[in-house]
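A.B. asks: Okay, here's the structure, questions in a sec.
The values are calculated or read from the model by the stated rules, or taken from the named source; none is laboratory data. Given the structure is predicted, the values throughout are model-derived calculations rather than measurements. Quick reminder, even Gly has a Cβ in these numbers, built from the backbone with ideal geometry, and neighbours come from all protein chains shown.
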Amino acid sequence: MDTTGKAKKGAGGRKGGGPRKKAVTRSVRAGLQFPVGRIGRFLKKGRYAQRVGTGAPVYLAAVLEYLAAEVLELAGNAARDNKKTRIVPRHLLLAIRNDEELGKLLSGVTIAHGGVLPNINPVLLPKKTAAAKEPKSPSKTAAKSPKKAAK
């Protein structure tokens, strides 16, 4: 028997005896897929600030999850446009560079094996003149063929 009059405590300071409740992660509480606890640990270990509030990792996880979902949705659309079922770096690049806000956010980022956006400067394209627009008359082609036969 315990002579001090105090009840025995289990791990973490909880009183022993009853069944333990199932742990609920902060990600589940916040309704997120990204790990709130891990992001909080990274914020603390990174020493970005002396102290980290309880809401900071939740907010950061929500922002990162939103950005990831946005990029994946656009990349999935790019893959579907190219009749592919797998997202490859090329699809990520097309998705990011064709979106104005994501392009601005990731303007200094190079995506490995992403390539470049398809773009031809209009100066390099062939000139369209009035003579080129008119269809060639059959008389001109007929006049050339006898000359070839004469040679």
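A.B. asks: For residues that are at pLDDT 90 or above, surrounded by 10 or more Cβ atoms within 10 Å (Cβ to Cβ) and assigned to a helix (DSSP H, G or I), tally how many sit in region 99-151.
C.D. replies: So the count comes out to 3.
A.B. asks: Are any residues in region 38-80 of a type in the set (G, A, S) and in contact with a Phe, Trp or Tyr (Cβ under 6 Å, 6 or more places away or on another chain), and if so, which ones? Write out each step before concluding.
C.D. replies: Start the filter on region 38-80 by keeping residues that are of a type in the set (G, A, S), which leaves 40, 46, 49, 53, 55-56, 61-62, 68-69, 75-76, 78-79.
The one that is of a type in the set (G, A, S) and in contact with a Phe, Trp or Tyr (Cβ under 6 Å, 6 or more places away or on another chain): A61.
A.B. asks: Does G76 meet the test of being at pLDDT 95 or above and in contact with a Lys or Arg (Cβ under 9 Å, 6 or more places away or on another chain)?
C.D. replies: Numbers: at pLDDT 95 or above: yes; in contact with a Lys or Arg (Cβ under 9 Å, 6 or more places away or on another chain): no.
No; evaluated as a whole, the condition is false for this residue.
A.B. asks: Then there's this: Can you tell me how many residues within region 10-69 are surrounded by 13 or more Cβ atoms within 10 Å (Cβ to Cβ) and among the β-branched types (V, I, T)?
C.D. replies: The qualifying residues number 4.
A.B. asks: Within region 13-23, identify whether any single residue is within 26 Å of A69 (Cα to Cα) and not in a loop (DSSP other than H, G, I, E, B), and answer yes or no.
C.D. replies: First, the residues of region 13-23 that are within 26 Å of A69 (Cα to Cα): none.
Among the residues of region 13-23, not one is within 26 Å of A69 (Cα to Cα) and not in a loop (DSSP other than H, G, I, E, B), which makes the answer no.
A.B. asks: Given the criteria under 16 Å from the mean Cα position of the chain (by Cα), outside any helix (DSSP H, G or I) and not hydrophobic (A, V, I, L, M, F, W, C), does T54 qualify?
C.D. replies: On the way: under 16 Å from the mean Cα position of the chain (by Cα): no; outside any helix (DSSP H, G or I): yes; not hydrophobic (A, V, I, L, M, F, W, C): yes.
In short, no.
Here is a yes/no grid of residues against (1) over 24 Å from Q33 (Cα atoms); (2) of a type in the set (A, V, I, L, M, F, W, C); (3) touching a residue at least 60 places away in the same chain (Cβ under 8 Å):
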| site | (1), (2), (3) |
| --- | --- |
| L74 | no, yes, no |
| D81 | yes, no, no |
| I87 | no, yes, no |
| H91 | no, no, no |
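A.B. asks: Could I ask something else about it? Quick check on L32: is it within 30 Å of the chain's Cα centre (by Cα), in a loop (DSSP other than H, G, I, E, B) and not aromatic (F, W, Y)? Walk me through how you get there before you give the answer.
C.D. replies: Values: within 30 Å of the chain's Cα centre (by Cα): yes; in a loop (DSSP other than H, G, I, E, B): yes; not aromatic (F, W, Y): yes.
Judged against the criteria, L32 is a match.
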